[in-house]
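In what follows, a structure is listed as structure tokens, so that the remarks can point back to it.
The values are calculated or read from the model by the stated rules, or taken from the named source; none is laboratory data. What you are looking at is a predicted structure, and each value in this text was computed from that prediction instead of being measured. Neighbour counts are summed over all protein chains in view; Cβ atoms, including those assigned to glycine, are modelled from backbone coordinates with ideal geometry. These area figures cover heavy atoms from the full protein model, side chains too; ligands, DNA and RNA do not enter into them. Shrake-Rupley method; radii C 1.70, N 1.55, O 1.52, S 1.80 Å.
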Amino acid sequence: MSFDVPQLLWLAPAFGLVGALLALWGRGARVAHARKWSEQLAEQAARLGRSSPLVIGLVAVGATLALAGPRWGSRVVVAETKGLNLVIAVDISRSMLAEDVLPSRLERSKRQARRLVHDLGGDRIGLVAFAGQSFTLSPLTVDGGALNLLIEAMDPELTSAGGTGLAAALERGRELLFAGDPVADRVLVVFTDGEAHDSLAPILEAAERLRRERVRLVLVAEGGIEPVPIPVRSLDGVLMGYQRDPMGEVVATARRDDILTAVADAARAVLVAAQLADQAGAVRDLVSAYKRSPQATSTAAQDISRAWIPLLLATVILLAHTFTRRSMALISLLLLLVGVRVAHAQGPRNLGDEAWARGDYAEAAAHYLLQVRAGEGGDTTYYNLGTAALAANDTALARRALERAAESLEPDLRFRALYNLGLLQLHLAEQDSSQAAAHLEAATRSYREALLLRPQDAAAKWNLELTIRRLPPPPSGGQPPPGGGEGAAPPPEPPPPQGLSAAQAQQILNSMADEERRTRARQLGQRQRRESRGHKEW
């Protein structure tokens, strides 16, 4: 047996004694008042309610024991779910460190993979990382938290073999999928720039095998088509130079659409474009119609809460006392009901919500901004801040807050933030005619990304159509209007943690930085030894 608040066990007898003494004092006061009228009335009052102090004491003890939170025993909980078998394979070769997309190809792939894990909660997801070698990071599991930790830790230093072996990655993903439930569809999602260092023939052979065995392949392209160097950064993230081959020449890397297209044709796969802002949303929409298999998961819940038992005993004693001394019991029940009502009514006030309800949007934005700086509410507070600032016509604040909310892992919140971003850009296009085309392009991107989350939303479709109609026609023979890209403003810095002094925080940061330097130095030494042997490291 255990207790949530064991300290209350020592206080339970004290609370019971206080309750009994108060009841005894009340009974004595009642007898004294009756004696002022007559001795006979005092004797009658003394005969009534003799058990009231004991009852009130027991009720107080029972309520205190319930608040202490007793727990014991266990029970089996069976959860029925329907899940899809899906494996995420991420290319962690050094070419994925290229920064032709921000912050890099690898970081963007990790961000989209984390969103995909969040959006497919309940499905069985496995994780594969590959470069020159392929290895399983996680078998099929529904533990999204563990998957996110593994995705965050992905780095080129996880593997000792450089280069990119795409055929081995496809084969490793296939083996992992066939270890799962045969009833559900099997899906392999591969994040890569397509720059494979193995020959095309084994890659196409692995892709055709996926098609024959009915594994649905989704290729998510990363990077740009223009060759760019691969940065080599110091332990502190400072650029030290660029990746070089064994001959000393700077290595240039680019997205290989020819390889990705050939693999997609061989496997009859879907190729998600690199220019798409919400690649995870596109993958989620693709797999939404695939067949999922029912699965029963049994878990043993330990230390079940038993607070209801002492609370039930106290209630039974109080109700039994109602038939012998109704006035005392009814008053106690009334006080209990009033206390519960007051406890419900006294929730934490949200001044921003209250100002919004009054229609004072500027004040609401000010309160939400204070909540953001205090680190309260997460992405929802950023959305509330951006929406209130938009209503108050504070466009700069609204843009920063809504762009931050649009990076949320919650699909519904992300959709609403993107929708309001489109409205903001439409308002800016009306106010600033000189930059109207740029604002309308930004609104178009926001609504297109929102429709990936809710393809059937009529309001978003109408606003997108209205925005496209307002766009000026492209100049003949000129370049197409700018669009897409990864130019979203970075999210604001999170507020500093509360409860630490400046010296304590600096001490913690210094210890973390020292450990990071040692780790990076060790990894850098390993990388240099491999490069000296002439292996491809990109």
Among (1) in contact (Cβ under 8 Å) with a residue 60 or more places away in the chain; (2) surrounded by fewer than 19 Cβ atoms within 10 Å (Cβ to Cβ); (3) within 30 Å of L219 (Cα to Cα), I88 falls short only on (2)
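For (1) assigned to a helix (DSSP H, G or I); (2) modelled with pLDDT of 85 or more; (3) open to solvent by 40 Å² or more (accessible area, probe 1.4 Å); (4) over 21 Å from V61 (Cα atoms), each residue gets a yes or a no:
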{"position": "V263", "(1), (2), (3), (4)": "yes, yes, no, yes"}
{"position": "A289", "(1), (2), (3), (4)": "no, no, yes, yes"}
{"position": "Q302", "(1), (2), (3), (4)": "no, no, yes, yes"}
{"position": "L313", "(1), (2), (3), (4)": "yes, yes, yes, no"}
{"position": "A329", "(1), (2), (3), (4)": "yes, no, no, no"}
{"position": "V342", "(1), (2), (3), (4)": "yes, no, yes, yes"}
{"position": "A364", "(1), (2), (3), (4)": "yes, yes, no, yes"}
Can S109 be described as in contact with a helix residue (DSSP H, G or I) (Cβ under 9 Å, 6 or more places away or on another chain) and surrounded by 16 or more Cβ atoms within 10 Å (Cβ to Cβ)?
yes
Those residues of the stretch 241-261 which are out of contact with any strand residue (DSSP E or B) (no Cβ under 8 Å at 6 or more places or on another chain) and in a helix (DSSP H, G or I) amount to D258, I259
Note on L102: of the conditions (1) in contact with an Asp or Glu (Cβ under 7 Å, 6 or more places away or on another chain); (2) open to solvent by 10 Å² or more (accessible area, probe 1.4 Å); (3) modelled with pLDDT of 90 or more, unmet is (3)
### Message
Against the condition of a type in the set (V, I, T) and surrounded by fewer than 18 Cβ atoms within 10 Å (Cβ to Cβ), how does T444 come out, does it pass?
### Response
no
Checklist entry - Taking the stated definitions as given, is S93 hydroxyl-bearing (S, T, Y) and closer than 20 Å to V218 by Cα? => result yes
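Would you confirm whether any residue within the stretch 49-70 is over 24 Å from V272 (Cα atoms) and in contact with an Asp or Glu (Cβ under 6 Å, 6 or more places away or on another chain)? Please lay out each step first, then the result.
Of all residues in the stretch 49-70, those over 24 Å from V272 (Cα atoms) come to 49-70.
Filter once more, so that each one left must be in contact with an Asp or Glu (Cβ under 6 Å, 6 or more places away or on another chain): 69.
Checked the stretch 49-70: at least one residue is over 24 Å from V272 (Cα atoms) and in contact with an Asp or Glu (Cβ under 6 Å, 6 or more places away or on another chain).
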Within the stretch 265-283, the residues that are buried (at least 16 other Cβ atoms within 10 Å of the Cβ) and assigned to a loop (DSSP other than H, G, I, E, B) are A269, A274, L276, A277, D278
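Just checking, which of R233, R255, R214 is open to solvent by 90 Å² or more (accessible area, probe 1.4 Å) and closer than 21 Å to P103 by Cβ? Walk me through how you get there before you give the answer.
Numbers: R255 fails: open to solvent by 90 Å² or more (accessible area, probe 1.4 Å); R214 fails: closer than 21 Å to P103 by Cβ.
Answer to the selection: R233.
Right, L235: of a type outside the set (D, E, K, R) and either assigned to a strand (DSSP E or B) or closer than 18 Å to S104 by Cβ (or both) or not? Quick ask: steps written out before the conclusion?
Values: of a type outside the set (D, E, K, R): yes; either assigned to a strand (DSSP E or B) or closer than 18 Å to S104 by Cβ (or both): yes.
In short, yes.
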For E205, the lone unmet condition from (1) in contact with a helix residue (DSSP H, G or I) (Cβ under 6 Å, 6 or more places away or on another chain); (2) open to solvent by 70 Å² or more (accessible area, probe 1.4 Å) is (1)
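Which of the residues belonging to the stretch 121-135 are buried (at least 17 other Cβ atoms within 10 Å of the Cβ) and touching a helix residue (DSSP H, G or I) at 6+ places or on another chain (Cβ under 9 Å)? Don't jump to the end; show me each part of the working.
First, pick out the residues of the stretch 121-135 that are buried (at least 17 other Cβ atoms within 10 Å of the Cβ): 123-132, 134.
Answer for the stretch 121-135, where residues must be buried (at least 17 other Cβ atoms within 10 Å of the Cβ) and touching a helix residue (DSSP H, G or I) at 6+ places or on another chain (Cβ under 9 Å): D123, I125, G126, L127, V128, A129, F130, A131, G132, S134.
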Scanning the stretch 217-228 residue by residue, those farther than 9 Å from A269 by Cβ and crowded, with 21+ Cβ neighbours inside 10 Å turn out to be V220, A221, E222, G223
A careful count of residues in the stretch 392-415 that are part of a helix (DSSP H, G or I) and surrounded by 21 or more Cβ atoms within 10 Å (Cβ to Cβ) gives 8
Only unsatisfied item for L120, checking (1) under 30 Å from S288 (Cα atoms); (2) free of Cβ contacts under 8 Å to residues at least 12 places away in the same chain, is (2)
Exercise. Is it fair to say A32 is without any contact (Cβ under 8 Å) to a residue 40 or more places away in the chain and open to solvent by 20 Å² or more (accessible area, probe 1.4 Å)?
Worked result: yes
In the stretch 366-389, anything modelled with pLDDT of 85 or more, more than 23 Å from G422 (Cβ to Cβ) and charged (D, E, K, R) is listed as R373
